[in-house]
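The values are calculated or read from the model by the stated rules, or taken from the named source; none is laboratory data. Being a predicted model, the structure only gives us computed values, none of them experimental. Every residue, glycine as well, gets a Cβ built from its backbone with ideal geometry; the counts of neighbours run over all protein chains shown.
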Amino acid sequence: MIAVLTAAWSPSTTWEELADLCTRLTELRKDLRQSRGIQAPLTKCSRCGSVSRGDITGVSIRSALFALRKAGVLSDAEFKRLDLDWKKHRAARGLDALGKKHDASPPTTANATP
């Protein structure tokens, strides 16, 4: 996955392109886990104590930036600048950690009356 990330990365990569790349990496990770029979980790509810399989989240933009820094593609200064730019971009556009638009609409219920 690191090889895919570093091969696709360039300093001119836009946030939208990086979000698409993170989606591809998420699918790659899901396929690897499935082909190797790796299950999601067990989690325990702090309220009721029930144990169930946790949800595997997607590869976030920030985790991709951390991976690029760890792989030596980004210097510490570049990482800090991009991390700050991502936080500003994310806040200005109402994006989640994966670069997707937040669903601002309230949840609907089947029996709700207008």
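Odds and ends about this structure:
- Annotation note: Cβ proximity below 7 Å between a residue of segment 23-48 that is over 23 Å from Asp96 (Cα atoms) and a residue that is among the charged types (D, E, K, R) (sequence gap 6+ or interchain) occurs for Gln39/Arg53; Leu42/Arg53.
- Residue check, Thr23 modelled with pLDDT under 90 and under 24 Å from Lys88 (Cα atoms): no
- Applying a threshold of 7 Å to beta carbon distances and a minimum spacing of six or more residues, or different chains, the list of pairs starting in segment 85-114 at a residue that is modelled with pLDDT of 90 or more and ending at one that is hydroxyl-bearing (Ser, Thr, Tyr) and assigned to a loop (DSSP other than H, G, I, E, B) reads Ala97/Ser60; Leu98/Ser60.
- Residues (within 21 Å of Ser12 (Cβ to Cβ), β-branched (Val, Ile, Thr) and assigned to a loop (DSSP other than H, G, I, E, B)) located in segment 43-81: Val59, Val73
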